[in-house]
1. Restricting attention to the stretch B:31-51, report how many residues are in contact with a strand residue (DSSP E or B) (Cβ under 9 Å, 6 or more places away or on another chain) and within 30 Å of residue B:221 (Cβ to Cβ).
2. Tell me whether the stretch A:466-474 contains one or more residues that are more than 25 Å from the chain's Cα centre (by Cα), in contact (Cβ under 8 Å) with a residue 60 or more places away in the chain and more than 17 Å from residue A:318 (Cα to Cα).
3. Among (1) within 14 Å of another protein chain (Cβ to nearest Cβ); (2) under 11 Å from residue A:96 (Cα atoms), which single condition is residue A:153 missing?
4. Within the stretch B:83-91, does at least one residue satisfy the condition of being out of contact with any helix residue (DSSP H, G or I) (no Cβ under 7 Å at 6 or more places or on another chain) and under 25 Å from residue B:6 (Cα atoms)?
5. Do you know which residues across the stretch A:372-399 are out of contact with any strand residue (DSSP E or B) (no Cβ under 8 Å at 6 or more places or on another chain) and assigned to a loop (DSSP other than H, G, I, E, B)?
6. Go through the stretch B:133-181 and report how many residues are in a helix (DSSP H, G or I) and surrounded by 16 or more Cβ atoms within 10 Å (Cβ to Cβ).
7. Considering A:544, A:567, which residue is in a helix (DSSP H, G or I), farther than 19 Å from residue A:283 by Cβ and not assigned by TED's automatic domain parsing to the domain that holds residue A:193?
8. Within the stretch B:309-320, identify whether any single residue is more than 30 Å from residue B:115 (Cα to Cα) and either in contact with a helix residue (DSSP H, G or I) (Cβ under 9 Å, 6 or more places away or on another chain) or crowded, with 23+ Cβ neighbours inside 10 Å (or both), and answer yes or no.
């Protein structure tokens, strides 16, 4: 059978061309035909358990789940008969009756696909008593909240957690029901990647919120509140304001944050440029000492994974701090000194595509002079919520330039948001440092794209440097297995825990799927493409800070490097 | 090999239907598994009987294990590159493992102790169970005959089916089946009788026809259909179980409560209508107050939108009991 064979089907009297082997739901989505569903997600295997997407097929008995039924030539599909409507409504009512709406106000209500459907189908109240009233709420570190009373048992979180090979979420039979629970297994721990959050259709899994703390800090007149935002935010947050996927809104974002009352807005991409310099140095050192591989460490979920699951690889993790941490550190040292501000009066707020970043900023070893480099992390979704709450519309706001001196970044800094970006940036700089020459072509297309594992060999000074670029922990595990067998199979390994890298992070707008991730990433590369300065080491502010401030090894170490240690299970409830 | 060619033809000519409850043509199933090209195939004898008051498979394993094993061996000979499992409920495993191991003496057949409850007798769940996975049914198609255990073509037949395969191979099949007769009767037990018998005939022949006002649940101790004494001129469906109830002495709500609790406990919790529907039915029955509108709604989604046959079958006994008996009482 030819996978690309086109066939014709009919949905609600409309003739539609589609591919053989597609499901009815896929074809409907592509043609903007609305069939409700909750449990299906293109990232995951089909489960067909919510039974909302039931349709009728002419000349076939009964109803059929459109997510699990493949199209066939000439198939006639009815999606809205009175019977289908009735069944959908009853099933939706049954789902709603096991979703306990607590009074807590949480941003997750805006990302609840379930509540959207409830509204749309006007399910006001249910005839049933809520059976999950007493179900517990769990918190996973400073990152994730799981309100199991809101869980509709679709299993997406378990599937995605298993896909990450973490297996921290599992089913347990309690009083006649299989319930989703965090694992008590001492060998399984949450890495805070937040993929469960972005794959949850009912808002049961949500990010820990810190926006109220940030609002308070802004109101506090004694505080200088400095915002920074991660590379990937600029091509994702527009979605929250109905802009097309991949819209670049960097300067609108700056204007919006200023409107919230921030004193300064800097760009995490500048932090990324520092990370690039330090990471390139580490790679060079490891190549010289033959102690490769050098594993990237910008992704806190990946770092936690190594510390908990593969501590033997800790010596290979780059000690370079992640971009937000370096920038936060510089804000509270270099910039504070320059502006003559007491660092204690500065609050650094990072806008991150990630919930694990909320965990990262609490790591004690990052302290500089008794202060943490970053005080609060807000997710992309949280910032969008704050904007909406304060009537700031990114669609309409006039753009504003980013502040100096920590605002102007290189093209290398912005591609950190996509899988492959860190390694590409480091190679651009490492090449110069090793060969004393600049690259003639700076794009490393081999390491770009959404594929889970990308391998490349790059010649520098006649020597081969072997690269592996990974997104998704499942793929990282494969590479670690290869490295266990052959320790120097790769020289540089970049890992991002989330699919596609940070553009697919657990703090990003929902919905999320491979198409959306690709559009967000493509736009980051477009920004890089148009930048005059595309190499971290050519960024004037980087040069200046190294010249004026990061003058000693000790200084570089305290601002730009960190350490790791083997971790025991942190998320426990007994 | 010669005999193997014969058996599929014989099964087809006899129009033999599987005895696990779904009555699928056995010859067709065998043919499908035999003809699919694969390096490895599996045969599973389903001995996971788990519905209340159904025990004819246990009776066969106890009394005719040789025939059942002979049937499995014929399947092994018929289907190339195959090996077999006997998939036993926990009780049956404990009870029969020693005697079966002694009889098997064939490395091609091994015993497997079922994980999970009643629903784990569903064909795709058997595969999940043996593979050690979460016990939820798989999406069909593909059917186990094409993509079963470990993704290999898998022939799954019930104990009684394999017993009759052996009989058919030896030309000893006399169009009979096993009936289990229980409840308010004199002569409880399992009987091998003509499959053409009506329930009434089966009760008469086994000297179990009550002389009091009674009703029957036919085809399974939870999912079976409710029939009044005037409705017994029909064949016994499903797994051949006939349960007789003394109408005056039976508390209808406590009977329904047994079914409701069974479905609530035994459903796999995968799909909404079955997980939530069985729970809401159990709640309603517990209160002994039927809300007809709600119940009809629950029955509708169960029958029309459940993932597997268990959910689709839940309304049958309740509907029968409520319309034929409960409403009459009032």
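1. Here the count works out to 9.
2. Within the stretch A:466-474 (the criterion being more than 25 Å from the chain's Cα centre (by Cα), in contact (Cβ under 8 Å) with a residue 60 or more places away in the chain and more than 17 Å from residue A:318 (Cα to Cα)), the answer is no, since none of the residues qualifies.
3. Every listed condition holds for residue A:153 apart from (2).
4. Yes - at least one qualifying residue is present in the stretch B:83-91.
5. Those that are out of contact with any strand residue (DSSP E or B) (no Cβ under 8 Å at 6 or more places or on another chain) and assigned to a loop (DSSP other than H, G, I, E, B): A:372, A:390, A:391, A:392, A:393, A:394, A:395, A:396, A:397, A:398, A:399.
6. Qualifying residue count, the stretch B:133-181: 12.
7. The unique qualifying residue is A:544.
8. yes
The values are calculated or read from the model by the stated rules, or taken from the named source; none is laboratory data. Computed from a predicted model, the values in this text were never measured in an experiment. In this analysis, Cβ positions are derived from the backbone assuming ideal geometry, glycine residues included, and neighbour counts consider all displayed protein chains.
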